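I have placed the structure first, in the form of structure tokens, so that the comments after it can refer back to it.
The values are calculated or read from the model by the stated rules, or taken from the named source; none is laboratory data. Remember, it's a predicted structure, so these values are computed and weren't measured experimentally. Here Cβ is always computed from backbone atoms with ideal geometry, including for glycine, and neighbour counts include all displayed protein chains. Please note that ligands, DNA and RNA were not included when accessible areas were found on the heavy atoms of the full protein model with its side chains. Shrake-Rupley method; radii C 1.70, N 1.55, O 1.52, S 1.80 Å.
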Amino acid sequence: MDAKKRKVDQLLSDKWKIEKELEQIQAECKHSKQVIKQVADGTSSTPRYVCESCGHLLGYLSPEQAKDFLEKS
């Protein structure tokens, strides 16, 4: 196995471990304070409710709330 392949395998392993740790933190979080943030959604971004502590996506805004948020930004 060449050095690039080993490096890629290690990075993918690290990524998997980080994603699992993040999932654990978000699962244990109480999500006590939510904020509105622009979140990347494929090729665009959408305002969403996000937990301030752990970054977990909590929900979508109503069309009125989204309009108000975008006007204030």
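Tabulated values for the structure
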| quantity | calculated |
| --- | --- |
| Lys pairs, the chain - Cα-Cα below 19 angstrom, 8 or more residues apart or on other chains | 8 |
| Cβ-placed point charges (K, R +1; D, E -1), dipole of the chain about Cα centre in debye, nearest 20 | 280 debye |
| Fraction of accessible area attributable to carbon and sulfur, the chain (%, probe 1.4 Å) | 54 percent |
| GNM flexibility winner over the chain from Leu11, Leu58, Leu22 (Cα, springs under 10 Å) | Leu11 |
| 10 Å-binned pair-distance histogram of the chain (Cα, whole percent) | 18, 32, 26, 17, 7, 1 |
| Helical mean residue ellipticity (222 nm; -39500 (n - 2.57) per DSSP H run of 4+; nearest 500) of the chain | -16500 deg cm²/dmol |
| Sum of side-chain charges, Leu11 neighbourhood, beta-carbon under 14 Å (Lys, Arg +1; Asp, Glu -1) | +3 |
| Accessible surface, per residue, of the chain when the full set of protein chains is kept, probe 1.4 Å, Å² | 83 Å² |
| Low-density loop cleavage sites - GluC sites (Glu not before Pro) in the stretch 43-73, where at most 16 other Cβ are within 10 Å (DSSP) | Glu52 |
| Among Cys54, Ala3, Cys29 the positive-end extreme of the charge dipole of the stretch 1-63 (Cβ point charges) | Ala3 |
| Label point at Ala66 placed 7 Å out along Cα→Cβ; residues across the stretch 36-51 whose backbone nitrogen lies under 17 Å | 36-50 |
| Stretch in the chain that is longest and holds no trypsin sites (Lys or Arg not before Pro) that DSSP places in a loop and that have at most 16 other beta carbons within 10 Å | 34-73 |
